[in-house]
Amino acid sequence: MREIFYILLLLILPFQINAAFELTVELSDKSQVKGEFLEIYHDRWFYEQAGPQVAKYLLLYEAKTNQFHFQPLEKIKRILAMKEHPSKYKKFLKKNGLYFKNHLVEDASVLTGNEGHHKFEKMYGNFAWDIGILDELGSQFDHDGKELYDYYIFNKDVLSPLSGTVVGKIDGQVDNIPDLTFTGDLSQKINNYLTIQVAEKIYLSVVHFKKDSITVNIGDKVDAHQLLGQVGNSGVSYIPHLHYTLYTYIKEYDRFISIPGFFEE
């Protein structure tokens with residue numbers, strides 16, 4: 001039953017179509033949870049093998065109580081009801097001013113979005129966005145791409161897409177030399193980043209700032225379109241770009257998970 005449930009949900013991913021689906025599911029302890037289907041997460045990194053040993057989790061958003069339900073798939077006994085409706089999650093984002101109001105960098109293009117290559121990053125990066133600046137040929141760089149300043153986006157201003165309060169920051173890490181082979185060992189690298197609390201349960205993370213470029217500090221209030229720093233190539237990054245995602249905090253598991261974000265319509 002659980003495998004059928006899993007396959008069914010993969011077929012109705014709400015952010016690939018205009019509608020959303022509200023589910024009521026029964027858990028193994030006979031309790032019920034209800035909410036809009038957002039994601040099934042695999043608790044693994046993209047380089048780790050998939051299989052029955054990898055835990056999977058369901059995330060629902062319940063508009064009535066304004067909370068996220070995060071449940072192991074193994075605890076879900078059956079689907080009691082499924083109803084199609086306009087997205088209440090998107091309505092929540094709009095009501096709370098949580099639609100991205102710009103691309104963070106002028107003239108940037110989205111390289112990956114909600115369905116990008118970050119899909120299997122141990123639930124931290126499922127809905128991560130990457131942006132870069134492209135030329136008319138679709139390239140991100142001039143010359144041979146071996147130098148940081150070959151990249152159109154490197155050193156460009158980063159503007160906050162949302163308002164909030166800075167709650168996390170690292171700023172002193174050296175930028176990596178570009179690696180177009182995408183094979184270098186980045187396992188010991190640390191990102192220059194900002195984490196901004198943008199709502200009671202929602203956080204924005206912006207990653208790969210240029211060394212010593214961040215203009216705000218922990219505790220600062222920031223406004224949408226405010227300067228945050230410049231784009232770099234710090235941390236887990238082969239070539240200059242900017243990476244960002246929305247998170248929610250799951251208290252029961254004491255961890256953050258990536259959740260969908262959208263641009264202002």
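Among residues of the range 222-265 being of a type in the set (Phe, Trp, Tyr) and surrounded by fewer than 16 Cβ atoms within 10 Å (Cβ to Cβ), the one that is modelled with the highest pLDDT is Tyr249.
For the range 153-165, the set of residues classified as crowded, with 20+ Cβ neighbours inside 10 Å and either over 20 Å from Asp130 (Cβ atoms) or without any contact (Cβ under 8 Å) to a residue 12 or more places away in the chain (or both) consists of Gly164 only.
Residues are listed down the side, and each one gets a yes or a no for (1) assigned to a strand (DSSP E or B); (2) polar (S, T, N, Q); (3) under 14 Å from the mean Cα position of the chain (by Cα):
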position	(1), (2), (3)
Asn126	no, yes, yes
Ile131	yes, no, yes
Val167	yes, no, no
Asn191	no, yes, no
Thr195	yes, yes, yes
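Among the residues of the range 96-124, those identified as closer than 18 Å to His208 by Cα, in a loop (DSSP other than H, G, I, E, B) and among the small types (Gly, Ala, Ser) are Ala108, Gly113, Gly116. When each of Asp150, Asp144, Asp171, Asp179 is tested for being within 24 Å of Leu228 (Cβ to Cβ) and either more than 23 Å from the chain's Cα centre (by Cα) or surrounded by fewer than 18 Cβ atoms within 10 Å (Cβ to Cβ) (or both), the lone residue that passes is Asp150. Selection of the range 34-46 for residues being closer than 15 Å to Lys88 by Cβ and surrounded by fewer than 19 Cβ atoms within 10 Å (Cβ to Cβ) yields only Lys34.
Which of the following residues is over 30 Å from Glu39 (Cα atoms), acidic (Asp, Glu) and in contact with a Lys or Arg (Cβ under 9 Å, 6 or more places away or on another chain): Asp157, Asp175, Asp212?
Asp175
Table: residues versus (1) of a type outside the set (Gly, Ala, Ser); (2) assigned by TED's automatic domain parsing to the domain that holds Met123; (3) assigned to a loop (DSSP other than H, G, I, E, B).
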{"site": "Asn217", "(1), (2), (3)": "yes, yes, yes"}
{"site": "His225", "(1), (2), (3)": "yes, yes, yes"}
{"site": "Ser237", "(1), (2), (3)": "no, yes, yes"}
{"site": "Pro240", "(1), (2), (3)": "yes, yes, yes"}
{"site": "Glu252", "(1), (2), (3)": "yes, yes, no"}
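The values are calculated or read from the model by the stated rules, or taken from the named source; none is laboratory data. None of the values given here were measured: they were computed from a predicted structure. Using ideal geometry, Cβ is built from the backbone for each residue, glycine included, and neighbour counts are taken over all protein chains shown.
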